[in-house]
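Only one structure is covered here, and it is reproduced in the block below.
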Amino acid sequence: MQSIFILFLLSLSALNLEAQSLKGSVIDSANHQPIQGATIHIPQLKLGATSDIKGDYKFSYLPSGNYEVIVRITGYATITKQISVTGDTHLNFEMAASFKTLKEVLITSLGYATTLRRAPVPVNVISNDMLVEQSSNNVIDAIAKEPGLNEITEGPGISKPEINGLGYNRVLTLFDGERQEDFQWGDEHGILIDPNAVYDAEIIRGPASLQYGANAVAGVVSFKPEPFADDGSLRGSVSSEYQTNDGLIANSVDIGGNHKGLVWNIRGSYETDHCYKDPKDGFVWGTAYEQSNLRAVIGLNRNWGYSRLSISVLHRRVEVPDGNRDSLTGQFEFDFPQNGQIYPDRSDFLSYKPVIAPDQILDHDELWWQNSFKVGNGNIGADIGYTQSIRHEIDSGSIGVENLIVHDIPYSFKYLFNEPSGLKLTTGLNGMYEFENNYPEPPAPYIGASEIPNYNSFDIGGFGIVEKSFKNLTMSGGLRYDFRTMTGQSMYLSNYNTPEQQVVPGGTPGAYQQYAGFTNKYSGLSGSIGASYQLPGNNYVKINFAKSFRAPSIDELNSNSLNSGANAYILGYTNLKAEQGYEADIAYGYNGKDVNFELDGFYNHINHFIFQDRLASLNGGDSLVNVAGVFYPVFQYQANSAIITGATAYFNIHPASEKWLEIDNGFTYIYSFLPHQTDSTQYVPLTPAPRLTSKIRLKLSDRNGSVLRDSWLQLGAEHDWEQNRVYSALYTELPSLGYTLYNAGIGTRFINPKTNRTVCSLFLNCTNLFNLAYVDHLSHAQYFWAFNANPVTVTQRDQGIYNMGRNLGLKVIFPIGSHKVSDTEINGTDY
């Protein structure tokens with residue numbers, strides 16, 4: 001990867017240095033005075049600029065073309081405008097005073113740039129302020145309280161997103177446009193993204209396979225890095241965070257610049273924690289983790305377009321809790337004695353080194369090359385990447401009993417056409433080639449476990465999307481057709497369930513077949529048609545109909561092994577068909593000066609819906625498999641029709657006459673079921689409980705001469721109702737109890753009064769303020785219970801592992817560099 005990066009640098013130096021510019025002024029529409037600190041953002045180019053003390057801004061080295069531009073600053077109505085850049089372009093913006101909190105945000109994750117209110121499908125936008133001002137355990141935890149979103153967890157180090165009641169391979173996660181696959185089919189496989197590298201995010205809530213292919217039937221989580229620095233500037237930050245419950249320590253440093261269109265950024269991060277505490281057990285054994293990441297980006301902006309290369313090296317080691325306890329006292333104990341010690345003591349719980357089994361070692365390396373070329377009245381995008389994910393499952397203290405390496409080559413080629421008349425066209429093809437190999441088995445006496453066979457898969461899909469905007473009406477639609485070929489290799493093992501078990505060639509005496517070879521081919525149509533209409537009086541409506549397609553993943557087709565992270569033996573089914581989904585979304589919203597709200601409803605019918613079913617034995621109890629003397633329950637993938645429906649809403653109050661007050665509320669309700677099933681098998685597993693979140697923010701007035709700016713105090717509450725609609729057969733899923741959590745936080749910026757620049761930003765947050773003992777319905781750890789390392793079926797709520805107790809988080813951010821006044825320094829604005 002280093003050689004590729006150096007070659008790219010040399011190539012950039014030889015390219016043409018001529019390009020267009022965009023410059024102008026930002027002024028107050030009432031008094032025509034310059035506005036300092038307004039941010040001007042061109043999302044298609046991932047570029048931003050900030051107006052100076054004279055209100056002037058400038059972009060240099062731009063390709064000619066039609067772009068969406070968004071101009072924003074606190075206290076003024078956001079401006080969104082389509083512009084044409086031809087040669088050196090001059091454009092002024094006049095901003096009107098306004099205190100609406102719903103911004104006319106430009107979103108790009110739908111395959112084209114459009115505004116939030118004109119998008120036909122529900123989209124959540126998480127700003128930079130929302131991310132940095134809170135305390136969270138990981139990047140998914142930071143967004144999981146948004147309406148329509150939830151997280152599936154196995155402790156603070158493992159989280160994956162769920163959208164509208166669907167997760168795993170039905171949700172596609174992107175960072176800077178690159179797919180994050182990294183074993184997303186597994187329970188204990190979290191998203192491998194450095195949370196410090198994420199600037200903001202967009203979440204499509206609903207089928208997005210039209211734009212992204214077969215793994216986006218529930219939606220897309222698109223994380224984005226910080227826009228590049230202004231031309232001629234250097235900027236960065238140093239951030240540090242500490243959390244009291246699990247002792248989390250997170251530090252990150254980044255620096256970036258822009259010199260005549262040559263853009264670059266470098267970031268290094270490290271975070272670690274020890275075991276967390278809950279009110280029931282105190283410290284919870286097996287919940288520590290550590291993570292490090294080094295990321296670098298370099299690119300060039302010119303008249304022909306842009307080219308950017310990013311490289312990322314991430315390492316994570318995370319303990320996986322299994323709930324192993326002493327059968328008499330109930331206290332946590334090691335799976336294997338450690339230096340003659342049976343039970344973890346305080347020093348073990350407080351250790352920042354997650355090196356005692358069971359744990360995982362994960363290495364995730366990425367290379368991502370993005371290009372955009374000006375062609376006629378449009379642009380051609382050509383992106384290609386390479387990802388290598390290595391996973392070592394440690395179950396003996398030092399030996400990796402499960403060793404997987406997966407290689408992904410994602411690619412995307414598309415043409416984007418954008419007319420000033422409001423017509424937008426995006427067409428192209430994208431997909432991914434993936435191949436995986438199991439490392440050699442561990443030496444005796446350890447028994448290896450290969451969750452999946454060696455395999456390769458190839459995805460390709462062609463699509464076309466059109467949007468047309470009129471005065472108040474926006475219509476959009478498109479079609480896509482996908483192909484997937486997946487080939488799994490056969491695998492033979494010797495001497496079943498003995499220390500000498502090894503992978504051997506077929507035909508070896510005494511060998512048995514662990515995996516049968518197969519080649520499956522899938523193809524399917526995706527489509528979408530929708531519209532939004534801006535009604536009088538700041539009201540609007542949206543409606544969208546979508547057809548989605550998802551081919552089965554490798555674990556669903558051909559699992560036949562112990563999944564140690566799930567404490568279960570998993571079986572695949574090679575004859576599974578592709579899922580076919582049909583969803584309707586409708587929304588009504590209002591954006592007023594004192595109040596804004598939106599209510600979204602959806603209905604999703606999925607044919608051949610794939611899920612895990614716990615198998616029964618001949619006598620009606622659990623079907624169990626003996627692995628090295630330990631008996632595990634057996635789950636097998638099967639398919640059935642599924643109906644997932646629900647409603648989400650937000651209701652925000654921001655009185656224009658009381659600028660110091662903001663009240664935000666969010667609601668999520670999901671109802672899902674499997675038609676024609678029994679009482680104990682009629683509900684879709686892992687359907688989240690209904691949830692209401694509320695927060696009140698008090699904005700403190702800035703005083704002349706004070707070193708404090710943009711100070712705030714916040715109180716919040718989250719109520720989760722009980723969830724009794726569960727897949728209860730054989731205790732596959734337990735009903736959950738309702739609970740209410742309370743949170744509080746404060747934040748401020750310290751400035752230098754002479755320069756008006758930020759010295760640092762400080763945020764203090766407390767979650768689970770009253771230290772409530774609770775279990776989130778989507779926490780897998782609640783089902784982890786074992787005696788002497790032998791799993792036991794959890795039949796009552798208090799037998800498993802509870803969620804984290806009270807946690808106080810302190811975060812401080814120092815801006816660095818000889819940069820211009822930026823978005824973090826004036827009025828708390830963000831791109």
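The values are calculated or read from the model by the stated rules, or taken from the named source; none is laboratory data. Predicted, not measured: the structure shown is a model, and the values here were computed from it. Heads up, the Cβs are rebuilt from the backbone with ideal geometry, glycines too, and the neighbour counts pull from every protein chain shown. To get the accessible areas, we keep the full protein, side chains included, count just its heavy atoms, and leave off ligands, DNA and RNA. Shrake-Rupley method; radii C 1.70, N 1.55, O 1.52, S 1.80 Å.
Take the alpha-carbon centre of segment 655-697, take the same for segment 266-331, and report the distance between them in whole Å. Using only Cα atoms to place each centre, the spacing works out to 28 Å.
Accessible surface for Arg235 stands near 20 Å², nearest 10, in the context of the full protein assembly shown (1.4 Å probe).
Sorted on the mean count of surrounding Cβ atoms within 10 Å across their residues, most packed first, peptides 266-278, 164-176, 582-594 read 164-176, 266-278, 582-594.
Per residue, segment 578-684 exposes an accessible area of 44 Å² to a 1.4 Å probe, with every protein chain left in place. Taken per residue, the accessible surface of segment 762-815 reaches 39 Å², heavy atoms only and a 1.4 Å probe. Taken about its Cα centre, the chain carries a charge dipole of about 2780 debye when Lys and Arg each add +1 at the Cβ and Asp and Glu each add -1 at the Cβ.
About the centre of its Cα atoms, segment 243-400 shows a dipole size close to 1200 debye [charges on the beta carbon of Lys, Arg (+1) and Asp, Glu (-1) only; nearest 20 debye].
Dividing the helix sum by the residues of the chain, where each DSSP H run of 4 or more adds -39500 (n - 2.57), gives a mean residue ellipticity at 222 nm of -1000 deg cm²/dmol. Lys/Arg Cβ at +1, Asp/Glu Cβ at -1, dipole of the chain taken about the Cα centre: which of Ser694, Val625, Asn438 is farthest positive-ward? Sorting the options by dipole projection puts first Ser694. At a probe radius of 1.4 angstrom, the accessible area of segment 169-243 per residue rounds to 18 square angstrom. Along the axis of the charge dipole computed for the chain (Cβ charges of +1 for Lys and Arg, -1 for Asp and Glu, origin at the Cα centre), the listed residues Val284, Val139, Gly461 are led at the positive end by Gly461.
Going by a ≥ b ≥ c, the root eigenvalues of the Cα gyration tensor, does segment 179-249 fall in the rounded group (a/c under 1.5), the prolate group (a/b larger than b/c) or the oblate group? Note, shape of segment 179-249 comes out oblate. With only Cα atoms counted, the chain has Rg and Dmax values of 26.6, 90 Å. Working from Cα pairs under 8 Å separated by at least six residues, relative contact order for the chain is 12 percent. List the pair-distance distribution P(r) of segment 574-614, using every Cα-Cα distance, as the percent of pairs falling in each 10 Å bin from 0 up to the bin containing the longest distance, rounded to whole percents. Percent of pairs per bin, in order: 21, 29, 22, 16, 10, 2. Applying 1/(1 + (r/R0)^6) with r as the Cβ-Cβ distance of Tyr242 and Glu94 and R0 = 45 angstrom yields a FRET efficiency of 0.50. Helix 2-13 and the longest principal axis of the C-alpha atoms of the chain enclose an angle of approximately 20°.
I'd like the carbon and sulfur percentage of the solvent accessible area for the chain, probe radius 1.4 Å, heavy atoms only, ligands and nucleic acids excluded. Taking all protein chains in place, the chain shows 59 percent carbon and sulfur surface.
With the charge dipole of segment 147-220 set up from +1 on Lys and Arg Cβ and -1 on Asp and Glu Cβ about the Cα centre, the Cα lying farthest toward the positive end among the listed residues Ile204, Gly177, Thr153 is that of Ile204. Using Cβ point charges alone (K and R +1, D and E -1), the dipole size of segment 597-672 about the Cα centre works out to roughly 320 debye.
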